[in-house]
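Single-structure report; data block below.
The values are calculated or read from the model by the stated rules, or taken from the named source; none is laboratory data. Not measured: the values here are computed from a predicted model. Don't worry about glycine lacking a Cβ; one is built from the backbone with ideal geometry, like all the others, and counts go over all protein chains shown. What goes into the accessible areas is simple: the full protein's heavy atoms, side chains included, and nothing from ligands, DNA or RNA. Shrake-Rupley method; radii C 1.70, N 1.55, O 1.52, S 1.80 Å.
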Amino acid sequence: MNRSAPFALAVLAFLLPRTSTADDPIVPPGRALVFTSFRGNGDDGLHLATSRDGYDWTALNGDRPVFQPKVGGGLVRDPDVVEGPDGVFHMVWTTGWTHSAIGYASSKDLIHWSEARRIEVMKGENARNVWAPELFYDEAGGRFLIFWASTVPGRFPETATTGDDGYNHRTYLTTTKDFQTFTPTRLFYDPGFNSIDATMVRDGDRFAMFVKDETRTPPAKNLRVAFADAPTGPFGPPSPPITGDYWAEGPSAIKLGDRWFVYFDKYVDHRYGLVTSPDLAHWTDESDRVSFPPDFRHGTVFTVPRAVLDGLEALGR
């Protein structure tokens with residue numbers, strides 16, 4: 001027997017990417033991974049998928065929608081779900097291409113939902129659109145942040161000609177404790193360029209916002225990250241691109257084990273991508289390792305109680 005074999009095997013095991021097992025979970029005990037998404041133009045409702053390792057994703061409910069609300073423009077695009085401190089899941093989504101409101105509904109199990117309703121987040125602002133709303137629960141403030149991208153004609157003239165079809169987005173914000181009353185809408189983040197698809201995570205004592213550079217002229221269409229000491233900002237300047245040269249949008253971030261996973265929609269290639277990082281500064285492209293259901297579009301990754309996933313998996317039996 002070659003006495004160096006054990007050492008060589010140990011080195012190989014260290015170098016190879018780790019995969020999770022039942023004894024080496026990537027999510028806390030009793031929790032499971034779920035990812036929201038939509039299909040096509042968003043006409044048929046909310047789709048869900050799950051994964052054991054964060055790389056291979058399987059559609060739930062036979063890839064049929066689990067919720068089909070029709071408010072605003074009737075679409076369910078960019079569905080974002082956040083679990084509140086009481087275990088209730090809250091969802092917001094884009095209802096149409098040129099609407100000033102977002103969709104909202106809540107659920108305890110992601111199967112049975114409240115009646116969907118519109119929230120007029122840009123009422124009185126003459127906004128061309130409200131795209132990709134996101135939620136973040138601010139524990140210290142006991143409130144939910146709702147933020148999204150809008151174009152308000154006449155604002156930010158220095159970048160008015162850099163986008164597609166005259167769009168010139170920035171990220172706006174409102175907050176709520178009960179989804180009934182809301183603080184006045186205000187500008188949340190202006191990175192100095194046309195930007196959409198902001199999403200936020202907490203990393204220790206700081207907060208990270210991922211945003212898409214939506215500049216078309218000259219082409220950018222990449223993802224960047226900015227940081228703040230509080231969830232309401234102010235956020236600092238954006239980093240250099242973290243997603244390489246291909247066009248990317250719809251980021252969603254989560255920490256799995258000791259690494260951050262940032263999933264994104266490689267919409268030109270009609271597939272999903274992934275970059276990972278131990279520190280939100282140094283990034284590795286792992287897009288070739290991930291697999292998703294066909295036509296998987298811009299959604300959110302999050303964890304749920306294992307019992308919630310059990311109920312969702314039972315739908316497809």
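Relative contact order for segment 14-148: 16 percent, from Cα pairs under 8 Å spaced at least 6 residues apart, divided by residue count.
Rounded, prolate or oblate: which fits segment 162-317, taking a ≥ b ≥ c as square roots of the Cα gyration tensor eigenvalues, rounded meaning a/c under 1.5, else prolate when a/b beats b/c? In terms of gyration-tensor shape, rounded. The residues packed around VAL211, meaning those with a beta-carbon under 13 Å from its beta-carbon, carry a net charge of -2 if Lys and Arg are +1 and Asp and Glu are -1. Over segment 84-127, accessible surface divided per residue gives 46 Å², non-protein components excluded, 1.4 Å probe. As a length-normalised measure over Cα pairs under 8 Å and 6 or more apart, the relative contact order of segment 49-125 settles at 23 percent. Each principal axis of the Cα cloud of the chain was taken in turn, and the coordinate range along them, longest first, works out to 78, 45, 38 Å. Expressed as a rounded percentage, what relative contact order does the chain have, with Cα pairs under 8 Å and six or more residues apart? Answer for the chain is 16 percent.
Within the accessible area of the chain, the carbon and sulfur atoms contribute 54%, probe 1.4 Å, all protein chains present. Between helix 5-15 and the chain there is an angle of about 0 degrees, using the helix long axis and the longest principal axis of the Cα atoms. Here the extension length gained between ASP86 and ARG117 equals 9.1 nm, from 0.36 nm per residue of separation less the Cα-Cα distance.
Summarising the label geometry, the points placed 7 Å from Cα in the beta-carbon direction at ALA281 and ASP165 lie 4.0 nm from one another. By a straight-distance test (C-alpha under 16 Å), which lysines pair with LYS212 as possible cross-link partners, with residues fewer than eight away in the same chain excluded? Reachable lysines: LYS221, LYS266. Excluding ligands, DNA and RNA, the accessible surface per residue across segment 245-317 is 43 Å² with a 1.4 Å probe. When peptides 209-221, 71-83 are ranked by their average number of other Cβ atoms within 10 Å per residue, the highest-first order is 71-83, 209-221. Rounded to the nearest 500, the helix-only mean residue ellipticity at 222 nm of the chain stands at -2000 deg cm²/dmol, with each DSSP H run of n ≥ 4 adding -39,500 (n - 2.57).
In the context of the full set of protein chains, residues of segment 132-195 present 41 Å² of accessible surface per residue (probe radius 1.4 Å, heavy atoms only). Across segment 52-101, counting alpha-carbon atoms alone, Rg and Dmax equal 13.7, 38 Å.
Modelled label positions at ASP178 and ASP44, each set 7 Å beyond Cα in the direction of Cβ, lie 3.9 nm from each other. For the chain, the longest principal axis of the C-alpha atoms and the axis of helix 306-315 are separated by about 80°. The SER291 and ASP258 beta-carbon pair, evaluated with R₀ = 30 Å, returns a calculated FRET efficiency of approximately 0.85. Each Lys and Arg adds +1 at its Cβ and each Asp and Glu adds -1 at its Cβ; summed about the Cα centre, segment 90-229 shows a dipole of about 200 debye. By the Stokes-Einstein formula, at 0.890 mPa s and 25 °C, segment 117-216 with its Kirkwood radius over alpha-carbon pairs has D equal to 173 µm²/s. Remark: segment 199-248 is approximated by an ellipsoid whose semi-axes, taken from the C-alpha gyration tensor as √(5λ), come to 23, 10, 8 Å, largest first. Histogrammed with a bin width of 5 Å, the alpha carbon distances of segment 33-151 distribute as 2, 12, 21, 23, 20, 14, 7, 2, 0 percent, first bin at zero. Excluding same-chain neighbours fewer than eight residues apart, the lysines reachable from LYS70 by a Cα-Cα span under 21 Å are LYS108, LYS123.
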